[in-house]
Each structure stands twice: as structure tokens, then as C-alpha cells.
1. Could you check region 62-82 and list, in sequence order, the residues that are touching a residue at least 12 places away in the same chain (Cβ under 8 Å) and closer than 18 Å to CYS148 by Cα?
2. If you take just the helices (runs of 4 or more DSSP H) that sit entirely in region 171-286, which of them hold at least 3 residues that are under 25 Å from VAL108 (Cβ atoms) and not assigned by TED's automatic domain parsing to the domain that holds GLU99?
3. Among the numbered criteria (1) in contact with a Gly (Cβ under 7 Å, 6 or more places away or on another chain); (2) surrounded by fewer than 19 Cβ atoms within 10 Å (Cβ to Cβ), which one does ASN158 miss?
4. Taking interchain pairs and intrachain pairs at least six residues apart, which have beta carbon atoms under 7 angstrom, with the first residue in region 153-176 and in contact (Cβ under 8 Å) with a residue 12 or more places away in the chain and the second part of a loop (DSSP other than H, G, I, E, B) and among the β-branched types (Val, Ile, Thr)?
5. So if I check each of ALA198, ALA156, which one is modelled with pLDDT of 95 or more, out of contact with any Ser or Thr (no Cβ under 6 Å at 6 or more places or on another chain) and under 16 Å from LEU271 (Cα atoms)?
6. LEU202 is checked against (1) farther than 23 Å from ASP230 by Cβ; (2) touching a residue at least 12 places away in the same chain (Cβ under 8 Å) and fails just one. What number does that condition carry?
7. Quick one: in region 207-221, which of the residues that are of a type outside the set (Gly, Ala, Ser), within 17 Å of SER247 (Cα to Cα) and surrounded by 13 or more Cβ atoms within 10 Å (Cβ to Cβ) is farthest from the chain's Cα centre (by Cα)?
8. Can you say whether LEU137 is touching a strand residue (DSSP E or B) at 6+ places or on another chain (Cβ under 8 Å), surrounded by fewer than 21 Cβ atoms within 10 Å (Cβ to Cβ) and within 30 Å of ALA66 (Cα to Cα), as far as the supplied structure shows?
Amino acid sequence: MNDSEPLTTTKLTRQKFLKLSGVGLVGATLLGTTGCSGRGEGGGDDKGSAPKGLVFTSYGGSFQSAQDKAWLKPYSRETGTEIHQDSPTDYAKLQDMLENNKVIWDIVDVGDDFGLASTADLLEPLDYSIIDKGPILEGYASKYRIACMLYANVLAYNTERVEGTPSSWADFFNTRKFPGRRGLHKVPSETLEVALLADGVLLGDLYPLDVNRALGKLDTIKDQILWWEDAARSQQQIASGEVALISAWNGRVQTEINTGAPVKTQWNQNLQTADYLVVPKGTTSRGKR
């Protein structure tokens, strides 16, 4: 898979998907990528602005706490590497570090919109003579990034607000059959994909995205859309019944299901994606400055 190809072409069973999203990608990924920084034993620059050891940056909260427990602490114990953490991931901040020659991040967890050819000037190429990409699914390891978590954008619905079982993105847009407000992520990629699939575009034909067609489809339910930007907001919307159906990340939906909320997930037409680990440009040499 090259940088221009969507991840949605990969097909997995639900069982395999859940296995990989939980544990299948992370171990060798993190250990291998730390080898790229060349600073596993510390250093810092001559002004002392960068801490010794390795600096890992992610999105904070319970997500980063889980990464710390599963990856960082075990790796630190195994290697003796001192690991510091920062959050949240911020692309503009990363670019500012590079422009001012003050890169202090060694490894950064990013979304699937980063680490492509368009951001290559901000990143070090990954050295696959060091990184073992054997455990990684085909297409999820490329020149500047390697997957660390697999997840999906799914259709979820509140069982107290919906009668029957919506089974496709077409049902998501069918407000006569399934009345109620719709929750949608306020980002182009996920939402435009959903709209096009609902309008009958086949999965393999999604890209390049027909933006005008997608916007036209979204216009058909525009009065029923409640946008979410923060993932926690998506959880609140569907669990409370503020929306009847939602396009959201499977892990966030499952969190509400686990707490007993009247929510179910529809895995049909799920859109797989991933978080990635990248190495900022300049981090390999900052210990020598």
C-alpha cells in the first residue's frame, strides 16, 4: 500500500480485528521505533532543554495511560531507558519545534492523516533493518510511519431510540425508517466516506473521494446532524440518546456498552483505520548538538 491508498480496503473478520486492535500491533512496533532515535540511553542538547532518555508523545488521558502501562513501563524496565512523556499530540507544535531547531519529541503517536508524503519533511524515515515489521499487517508500515493501534469507524445506535436494527450507512441516512438525530465526526475523511457509502459507492471505488457527491448526500440529513469533534462527546451523544445513530470509533462506543448504556454497534461497512508512531526529523541528532 502506498501513501495515497485508503486503509479501508483491508478486510478482516471482527474477531481478528479485535485481536489486532488490542495487542497484535504494539510490542515490536514501539521497541523497534525507539531504535530509530539513536538516543535510547539519553543525552539532551547542550542547553538542557531536552530531557535525557526518550520522550514519547501521545494524546493524553486514559489512552496514554494505557500506552504507558502496556508499552513504556515494560520497555523501560527491560532496557533501563528513561522515558518521559508529553501530550497532547499537536502537529503545529511539532512543526514549530523543527522550524526553531528545538525538537524534544522522539516518538509521536499520530492519526492516519499524518506521516504521509505530505508531511515527510517533518519526519525521519524509519529504518526497517532495526524495526521488525513482521507482526504488522500489510499496508500499515511505510517509509515514515508504522501502525500501533488498529480501530474502526462504526455505525452505532441507541436501542431506546431506534426500533429495529440499522445495518448499513444507507440506513444511517434513512430518517424515515430510523427517525432521530445523527452524530457525525467533524472531519472530512470519515464523514465523506460514510456519505458516499450511503449513496451507493462501492468500498473499492471510494478514492479519489467525490466531494460534491458526498456533500450532496449530507445535505439530505443536514437538519438532523449533531457534529462531534472530541471523542468523549461522541460517547455522550449516543449513550444519552441525544442522537439515535452515530458514526463513531468502536473503542469509544464499546466503553459505553461496557458501562451498561443502551447502545449497540453495527460492524457492517466499518471503516478501518489506525494510529501510527512517527519519529520527528532532527531527533536522531539532537543528542549530539
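1. The answer is GLN64, GLN67, ASP68, ALA70, TRP71, LEU72, TYR75.
2. On the way: elements: 188-198, 211-219, 231-240, 250-258.
Filter on region 171-286 gives 188-198, 231-240, 250-258.
3. (2)
4. Partner pairs satisfying both residue conditions: PHE173/THR220; PHE173/ILE221; THR175/ILE221.
5. Values: ALA156 fails: out of contact with any Ser or Thr (no Cβ under 6 Å at 6 or more places or on another chain).
After applying the criteria, what remains is ALA198.
6. (2)
7. If we filter region 207-221 for residues that are of a type outside the set (Gly, Ala, Ser), which is where we start, we get 207-213, 215, 217-221.
Now narrow it down to the ones that are within 17 Å of SER247 (Cα to Cα): 215, 217-221.
Cutting the leftovers down to surrounded by 13 or more Cβ atoms within 10 Å (Cβ to Cβ) gives us 215, 217-218, 220-221.
Values: LEU215: 24, LYS217: 25, LEU218: 23, THR220: 28, ILE221: 27 Å.
For region 207-221, the residue satisfying everything is THR220.
8. Details: touching a strand residue (DSSP E or B) at 6+ places or on another chain (Cβ under 8 Å): yes; surrounded by fewer than 21 Cβ atoms within 10 Å (Cβ to Cβ): yes; within 30 Å of ALA66 (Cα to Cα): yes.
When the stated conditions are applied, LEU137 passes them.
The values are calculated or read from the model by the stated rules, or taken from the named source; none is laboratory data. Quantities reported herein were computed from a predicted structural model and do not represent experimental measurements. Neighbour counts are summed over all protein chains in view; Cβ atoms, including those assigned to glycine, are modelled from backbone coordinates with ideal geometry.
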